[in-house]
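**Q** Sharing a structure here in structure tokens format.
The values are calculated or read from the model by the stated rules, or taken from the named source; none is laboratory data. Everything quoted here is computed from the prediction, not taken from an experiment. Here the Cβ is made from the backbone with ideal geometry for all residues, glycine too, and neighbour counts use every protein chain on show.
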There are 2 protein chains.
Amino acid sequence: MAEFVTERQEQHATEAAPERAESPDGAEAAAVLERARASVDPELHAAVDSLPGPIRRIVRYHFGWEYADGSPADGDAGKAVRPALVLAAADALGGPGAHTRAVRAAAAVELVHNFTLLHDDVMDRDTSRRHRPTAWTVFGDAGAILAGDALQALALRLLAEDPHPASAPAAARLAQCVLELCAGQHADTAMEDRAPGEVTLDEVLVMAEAKTGALLGSACALGALYAGAAADEVASLDAFGRQAGLAFQLIDDVIGIWGDPQRTGKPAGADLAARKKSLPVVAALTSGHPAAEELAGLYAGPRVPADADEIARTALAVERAGGRDWAQAEAADRMARAMQELARAVPDPESAGGLLALAEFVTRRSR
Amino acid sequence: MAEFVTERQEQHATEAAPERAESPDGAEAAAVLERARASVDPELHAAVDSLPGPIRRIVRYHFGWEYADGSPADGDAGKAVRPALVLAAADALGGPGAHTRAVRAAAAVELVHNFTLLHDDVMDRDTSRRHRPTAWTVFGDAGAILAGDALQALALRLLAEDPHPASAPAAARLAQCVLELCAGQHADTAMEDRAPGEVTLDEVLVMAEAKTGALLGSACALGALYAGAAADEVASLDAFGRQAGLAFQLIDDVIGIWGDPQRTGKPAGADLAARKKSLPVVAALTSGHPAAEELAGLYAGPRVPADADEIARTALAVERAGGRDWAQAEAADRMARAMQELARAVPDPESAGGLLALAEFVTRRSR
């Protein structure tokens, strides 16, 4: 869920480029992301080049570096938000040079992220990612499963080979994060098969934190570890990333219902047509408001090709039951908590600049 | 392939128990395996208990510790050959206490092994393992994929958290081994779709080494690393495990064709009925012997429910084309190489006792 949604926000950001250019924050985030991409790409390419041939080919396709036939491509490899968080956290808490020393950790986080994308696409039967057919549609389920397995191993090998004193605690933390990602994906998959009325808001929040918050938190924590930060600073950075991740997910869910199709590149209310148990929907369903009953009735109906009238009625029911307001308030609350955690670990706003810009970037569609 | 086959050999070993009791080597191997199981089980249980709830349930079912409904079971968790190799290698090269210090590494190797079993069963659509329905048939593809992902992460987390000075090189080596296992499974899957005449013997040997030899080699290498062995000793132990693993695979392939159905628990010639491109078959097909053409013709036919006459003719063609003799000679050659490597690293036969007994155990059906 989270990843499909990432692209939606990135699409938003891309199509709003002229507007972004006017925003100093947006420009700063773009520069931070660009620097991270430039730092991490050589490490990432070298790591992928060390994979056995047939697996390497699937991975290079997945990253958009090659077409399915193996010819070179210049595709979209994603925005590198997670490596940028690792490097920005290292910058914020380490002295000069911390950024450079944390590049391998940044690559490891990006590899783990892409391992989960490869596997999630198989499980969710998603056919498109980053404007390309997903790896399993091209190389089969076995190819995509093995490429994902290999990327997890590669990520943890990079850290195990890294002489930096933080590499072992970083590897332990990243491996523990994978367990949480697995639990989150499991909860998401299991939720699909349950009646909307049986799902609690708390469950969806826990799932979203595991699927989206955990890796953003770990990215920040790894950067802090590599900067030699104290345990409480590492914990605060982790909490910062988690809370920002949840804010991101809440806003993304709002866009999934009320976003402008011109901007999202998706038909209006696509998430509602798919009967997605997104955060605003579950908040509405469990609100106790009379409109919740109407919404439950609409969600109980069969999934049919989107009917604009019904989708409009569903969106209105979510809004009347308070789902939209709740999600926006909750996102603002999460961002406030993220800022508190960041201020605790990095009191100097200038040092925190990169992390602030990235948090603003992932949640910028809130306004 | 290799794992299905492991069970076949274990079945053999179990059903030949009275015979084994007469063999001092067999009895020694049984004792080594029992000691390893007793050492590694508490570590394994503690690690699995740390998994998130729903994932833990799938893993406990896979290990035979629980039934699908979560009630306690006392199922077959496998023979623990790989953890036993880790511990025997540590014994052989380390002083007193090396065994105890290597228990976490032994658990990590067993977790990696089981991660690959969970994923291989999904890819190969195998419905039975260790006399139980496979995890994906009970918990769905997503459940089995996520449980496998989690076991890989858990294995590498165990090593990352281990304060032993060898834990980082051991983790790097185990992660690199996972890449080779992935490449081996990929080659195996890809081979299934190719015409028998297109597959070379060298390709099948490389595939078998990657799928079976690599993890047996890594198990021995990790034990050596944990014993503080020198780099050349670690390399020799890895080569010992690899060569023994290949010998094991060759013998298992022979059993898959000429094994006694009473002992294997499989119909005679099951591998031939499934048109498996096993080592004796590919050796026969590429032999240049006139019988190879007859074999190619038989393998080109449709896969139909086993016809005893046709299977007998196919087995005879493999034998006449030299496939059986080649496999047995090659297995003996691999075992000789394994013994040379072991003698190089561990000249004292008494210290090497555990490793010798295990090598004899995995290849004992050769006689």
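**Q** Go through segment A:61-97 and give me each residue that's in a helix (DSSP H, G or I) and aromatic (Phe, Trp, Tyr).
**A** A:Tyr61
**Q** I've got another one for you. Scan segment B:168-223 for residues that are of a type in the set (A, V, I, L, M, F, W, C), assigned to a helix (DSSP H, G or I) and away from chain A (no Cβ under 13 Å) and report the count.
**A** Result for segment B:168-223: 8.
**Q** Residues of segment A:146-155 being within 7 Å of chain B (Cβ to nearest Cβ) and under 20 Å from the mean Cα position of the chain (by Cα), which ones?
**A** Across segment A:146-155, the qualifying residues are A:Asp149, A:Gln152.
**Q** Sticking with this structure for a sec: Give the residues of segment A:1-59 that are within 14 Å of chain B (Cβ to nearest Cβ) and at pLDDT below 90, sorted by residue number.
**A** Answer for segment A:1-59, where residues must be within 14 Å of chain B (Cβ to nearest Cβ) and at pLDDT below 90: just A:Met1.
**Q** Also, quick follow-up: Only one of A:Arg263, A:Arg242, A:Arg275 is at pLDDT 95 or above and among the basic types (Lys, Arg). Can you tell me which?
**A** Result: A:Arg242 is the single residue among A:Arg263, A:Arg242, A:Arg275 that is at pLDDT 95 or above and among the basic types (Lys, Arg).
**Q** Residues that are acidic (Asp, Glu) and either out of contact with any Asp or Glu (no Cβ under 7 Å at 6 or more places or on another chain) or crowded, with 23+ Cβ neighbours inside 10 Å (or both), at least 2 per element: which helices (runs of 4 or more DSSP H) completely within segment B:249-367 meet that?
**A** Those helices (runs of 4 or more DSSP H) span B:290-300, B:308-320, B:323-345.
**Q** Exactly one condition in (1) farther than 19 Å from B:Ile58 by Cα; (2) modelled with pLDDT under 95 is not met by B:Arg125; state its number.
**A** With (1) farther than 19 Å from B:Ile58 by Cα; (2) modelled with pLDDT under 95 applied to B:Arg125, the lone miss is (1).
**Q** Looking only at segment A:224-240, which residues are aliphatic (A, V, I, L, M) and in a helix (DSSP H, G or I)?
**A** Correct list: A:Ala224, A:Leu225, A:Ala231, A:Val234, A:Ala235, A:Leu237, A:Ala239.
**Q** Next question, about the same structure. Would you check which residues across segment A:206-254 are free of Cβ contacts under 8 Å to residues at least 12 places away in the same chain and closer than 13 Å to A:Ala90 by Cα and list them?
**A** Answer for segment A:206-254, where residues must be free of Cβ contacts under 8 Å to residues at least 12 places away in the same chain and closer than 13 Å to A:Ala90 by Cα: just A:Ala230.
**Q** Still on this structure: List every residue pair whose Cβ atoms lie under 6 Å apart, where the two residues are 6 or more positions apart in sequence or sit on different chains, the first residue falls within segment A:76-89 and is farther than 13 Å from A:Val362 by Cα, and the second residue, located anywhere, is surrounded by fewer than 24 Cβ atoms within 10 Å (Cβ to Cβ) and among the aromatic types (Phe, Trp, Tyr).
**A** Close Cβ pairs satisfying both conditions: A:Ala77/A:Phe63.
**Q** Given the condition more than 10 Å from chain B (Cβ to nearest Cβ), at pLDDT below 95, within 25 Å of B:Thr116 (Cα to Cα) and out of contact with any strand residue (DSSP E or B) (no Cβ under 8 Å at 6 or more places or on another chain), answer yes or no: does some residue in segment A:106-117 qualify?
**A** For segment A:106-117, residues more than 10 Å from chain B (Cβ to nearest Cβ), at pLDDT below 95, within 25 Å of B:Thr116 (Cα to Cα) and out of contact with any strand residue (DSSP E or B) (no Cβ under 8 Å at 6 or more places or on another chain): absent.
**Q** Which one of these does B:Leu85 not meet: (1) within 23 Å of the chain's Cα centre (by Cα); (2) within 14 Å of another protein chain (Cβ to nearest Cβ); (3) crowded, with 16+ Cβ neighbours inside 10 Å; (4) not small (Gly, Ala, Ser)?
**A** The one condition B:Leu85 does not meet is (2).
**Q** Here's another thing I want to ask about it. From (1) under 30 Å from A:Asp74 (Cα atoms); (2) touching a Gly at 6+ places or on another chain (Cβ under 7 Å); (3) within 10 Å of chain B (Cβ to nearest Cβ), pick out the condition that doesn't hold for A:Arg130.
**A** Of everything listed in (1) under 30 Å from A:Asp74 (Cα atoms); (2) touching a Gly at 6+ places or on another chain (Cβ under 7 Å); (3) within 10 Å of chain B (Cβ to nearest Cβ), A:Arg130 misses just condition (3).
**Q** Only one of (1) at the interface with chain A (Cβ under 9 Å from one of its Cβ atoms); (2) crowded, with 24+ Cβ neighbours inside 10 Å; (3) over 23 Å from A:Val178 (Cα atoms); (4) small (Gly, Ala, Ser) is not met by B:Ala160, so which one is it?
**A** Of the numbered conditions (1) at the interface with chain A (Cβ under 9 Å from one of its Cβ atoms); (2) crowded, with 24+ Cβ neighbours inside 10 Å; (3) over 23 Å from A:Val178 (Cα atoms); (4) small (Gly, Ala, Ser), the odd one out for B:Ala160 is (3).
**Q** A further question on this structure: Against the definition (among the hydroxyl-bearing types (Ser, Thr, Tyr), modelled with pLDDT under 95 and out of contact with any Pro (no Cβ under 8 Å at 6 or more places or on another chain)), how does B:Thr363 come out, yes or no? Step through it out loud before you land on a result.
**A** On the way: among the hydroxyl-bearing types (Ser, Thr, Tyr): yes; modelled with pLDDT under 95: yes; out of contact with any Pro (no Cβ under 8 Å at 6 or more places or on another chain): yes.
Against the criterion (among the hydroxyl-bearing types (Ser, Thr, Tyr), modelled with pLDDT under 95 and out of contact with any Pro (no Cβ under 8 Å at 6 or more places or on another chain)), B:Thr363 qualifies.
**Q** Let me ask something additional. Does B:Val122 qualify as being among the aliphatic types (A, V, I, L, M), surrounded by fewer than 22 Cβ atoms within 10 Å (Cβ to Cβ), over 16 Å from the mean Cα position of the chain (by Cα) and on the phi < 0 side of the Ramachandran plot?
**A** no
**Q** Here's something else I'd like to know. Can you give me the number of residues within segment B:173-228 that are hydroxyl-bearing (Ser, Thr, Tyr) and buried (at least 24 other Cβ atoms within 10 Å of the Cβ)?
**A** Residues in segment B:173-228 being hydroxyl-bearing (Ser, Thr, Tyr) and buried (at least 24 other Cβ atoms within 10 Å of the Cβ): 3 in total.
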